[in-house]
Structures are given as structure tokens and as C-alpha cells.
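Worksheet: one structure, shown below.
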Amino acid sequence: MLNNNIVPFADLSRTYLPLKNEINQAIQKVIDSSAFILGIEVEKFENKFSKYLKVKYCAGVSSGTSALQMALKACNIGNGDEVITTSHSWVSTAEAISNVGAKPIFVDIDKDSYNIDPKKIKKHISKKTKCILPVHLYGNPADMKQICKIAKENKLFVIEDAAQAHGAKIDDKFCGTFGDLACFSFFPSKNLGSFGDAGAVVGNNKRLVENVKKLRDHGRISKNKFGLLGLNERMDGIQAAVLNVKIKHLEKYIKSRINIAKIYSKLLYNDCITPTIFDKSRHSFHIYPILVKKREYILKKLRDNKIDARIHYPIPIYRQPLYQKEYQNFSLPITDLVAKQQISLPIFPGMKEHEINAVTKCLKNILDGL
Ligand SMILES: *Cc1c(COP(=O)(O)O)cnc(C)c1O
């Protein structure tokens, strides 16, 4: 479909076209070898991705959502258990917790990081709590130092939702290497994207990642033996082949996002609330979020000017029809505020300078006219 926006929200062809021949050949190779599910390309990717993150083990799975679900199962989290998490995220974060039979306990976010506020975690810990599941939302690292400290004191698992945080770091250590396990998504538009659904679970605990490898393959423990109740959530060879080409360029993609974010922040700093960059951390800018008042009006004006800005996310998970009844007594004021004021500006590797300028110029005009 032809995109008639002047500035698209994202344009995946900008990363595909320069690698077209290499990616097409990699896909053809998988077809020629018929290694469609798991197989050599998936193993290769698991090695490459764990090497990139400097983490010991990686299991390639079928999506970020299945990664979360299997990470929880691998830690034996299920019926009757509680998992502390954030309501300001993509629905998968809570969906995975509910799907294993556990209950998500939503904690409000910090007003600057938009991530779970560690100061508010302790009062939600109960006898049923098994795990803290922070999200590095937008590519901004959650406060893993505090979260891991609280988890250790209370003997809780930490599972990171790093689906938006490939390449994000705290103190030179990659997001996805702090918890017992971490989950990544390779949904096409993520910082590292495949050509369909794919995901990974990573960690330094061999037993836990081995558990995920069994779970993704029907609970298989040897060729004809099935030892635990599993799922069919394996990574495809074609997705792994695409990722094996693109991962070589991941650092370049991240740096490109960071550069665009720097320009945005410099030009918009006085006009709206721009993202806070925390000391010693690397925000990988899967999303460039701003906060504004009169959000709906501004968004409409941007779109009238063919600038494809979006919202992540307009309805907090605890207010979704799926959850609203169960959580009607919950109140998460900062989550509600950010959901009401947030706009995601276009950001993607290969974005041109004139496109960045078109966004900032248009946005400044709208804000000046308020
Ligand atoms: C994308 C995403 C997921 C789910 O990943 P899929 O691969 O689409 O299943 C989970 N959590 C967050 C925060 C995400 O952005």
C-alpha cells in the first residue's frame, strides 16, 4: 500500500532495501534447506543475540507475547500467584500473566521515566507475590538496580519485558540481562524486527532457559518424550534468517534512533515535555514520546498535515474492557495522566533530516497557535 503521509510513523523499507539481496538470499537458503521451524538459522540467531547482549543463553520463540508467557511458566508462576507489573504498556505484558493463571498487580509509573515506580512496589508485595515484571517502555531502561534489590530482599523472580528495548543499556549493561529472564519481541517494527512474528527469552540461568526451550516445543524432553505441559511456540527458520542479517546492523539502527531523538529533544525542549534521559543509561528510542495538553487536537492537526504521529497507549491496561471490572478500585494517577497526554512522534532508522524538520516545524506551529 502506498503511504501518502509526508512523514510516515515508520518506514521498514528504509532498512530492508539496502539489504534486499542479502536478506532475500538468506530466506531462499532456508527454503532450499527446508529448515522452516527451529534449525540451524535459529541456533545461529540464538548465539548471535546472546553474544550481542552478553548474556549466556537464548531461546528463539514465536513472539514476544509467547516469550513472556513461557518465561513465567519456566519460573513455575501460575494459578494463585501475583506478578507486580505496570499498566502503562502494550497489552501483552498483562495478557501473558493472566494466561498462565496468575494475577497482574499494577503499580503506578514514575512521572519522568514512564516505567514502574520502584518506590511504589513494596506496599504491593503479598504472600502471593512471585515475580516483578518491569517493562523498559519506549526503550527507556526501567530502574533495574532498585527493582532487583527489592526482588532479592523478598525472594522474587524478575522477568524483564524488553520487547521495546533491544540495545538499551544501564551502565553499559544491556537491558534484558538484569533479571532471571528477559523477553524480546522481533515484531517487524521493533528495534530489531523480523518479517513476521518472532521473539526470544534470554537469561544467565541455564535451567530456566532450558525450560523455555522445552516449553516452546510441546514440553519435549527427548525425541519422543514429553515431560511437561508445553506449547507450540517455536521460532521459524525464515524469521531467524532475516534477523541474522539485520542484527549485524542493530547498533547502527539504535544510534540512528538516538540521533533523531537528540534532534527532536533539542528543537522541542521548550515546547512540550520531551523524554528524560537518565544518567548512565542508554534510551534506545523504539518510541519517541512527548507529553502535551490538548492531545487529541494536536494529534489531529499533525495528521491533517500528513504527519503520522501515534499514541502508546491511550487506554491503560487496567482500564481495558478485559480488566476494568476486576481493577475498578485501582487508581493509577500517573499512568492515567500519561495515557491522556502522550504522543509518539515518527522515528525510524533511515529517517531523513527534512522529515525530522517537517515534524518539529509542524508541531511547533500547532503548539504556538494554542
Ligand atoms: C511488542 C510488545 C510485546 C509483544 O510482542 P509480540 O512479538 O508482538 O508478541 C510485549 N510487550 C511489549 C512492551 C511490547 O511492546
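Values in this text are rule-based calculations from the coordinates and carry no lab data. Given the structure is predicted, the values throughout are model-derived calculations rather than measurements. Backbone-built Cβ (ideal geometry, glycine too); neighbour counts: all protein chains shown.
Things to note:
- Toward the positive end of the charge dipole of region 13-133, with +1 on the Cβ of Lys and Arg and -1 on the Cβ of Asp and Glu, the farthest Cα among Tyr52, Cys131, Asn99 is that of Cys131.
- Helical mean residue ellipticity (222 nm; -39500 (n - 2.57) per DSSP H run of 4+; nearest 500) of the chain: -11000 deg cm²/dmol
- Think of each Lys and Arg Cβ as +1 and each Asp and Glu Cβ as -1; about the Cα centre, that makes the dipole of region 251-368 roughly 140 debye.
- Remark: region 228-241, residue by residue, has Karplus-estimated 3J(HN,Hα) of 9, 6, x, 9, 10, 9, 8, 7, 7, x, 5, 4, 5, 4 Hz, where x stands for each Gly or Pro and the curve is 6.51 cos²θ - 1.76 cosθ + 1.60 at θ = phi - 60°.
- Residues Lys340 and Ser126, FRET efficiency given R0 of 45 Å [Cβ-Cβ distance, rounded to 0.05]: 0.90
- Each other residue within a Cβ distance under 14 Å of Lys20 adds +1 if Lys or Arg and -1 if Asp or Glu, for a net charge of +1.
- Highest-fluctuation residue, Val242, Val202, Val61 considered, GNM on the chain with Cα pairs under 10 Å: Val242
- Taking trypsin sites (Lys or Arg not before Pro) across region 23-105, the ones in a DSSP loop with at most 14 further Cβ atoms lying within 10 angstrom of their Cβ are Lys54, Lys56.
- Prolate/oblate/rounded call for the chain, Cα gyration tensor, a/c under 1.5 rounded: oblate
- Candidates Tyr327, Phe348, His283 compared by Cα position along the dipole of region 251-368: farthest toward the positive end lies Phe348, with charges placed on Cβ.
- Taken about its Cα centre, the chain carries a charge dipole of roughly 520 debye when the Cβ of each Lys and Arg holds +1 and the Cβ of each Asp and Glu holds -1.
- Ordering Asn205, Gly219, Val242 by Cα displacement along the dipole of region 193-270 toward the positive end leaves Asn205 in first place; charges were set at the Cβ atoms of Lys, Arg (+1) and Asp, Glu (-1).
- Cα shape, region 1-120, gyration tensor, a/c 1.5 rule: oblate
- Of Ile31, Ile343, the sequence from fewest to most neighbouring Cβ atoms within 10 angstrom is Ile31, Ile343.
- When the C-alpha to C-alpha distance is required to be over 23 Å, the pairs from Lys56/Lys169; Lys111/Lys266; Lys123/Lys145; Lys54/Lys127; Lys255/Lys352; Lys44/Lys223 that qualify are Lys54/Lys127.
- Remark: Ser62, Ser185, Ser222 ranked as Ser222, Ser62, Ser185, counting other beta-carbon atoms within 10 Å and listing the fewest first.
- Sorted ascending by nearby beta carbons within 10 Å, beginning with the fewest, Leu231, Leu332, Leu181 become Leu231, Leu332, Leu181.
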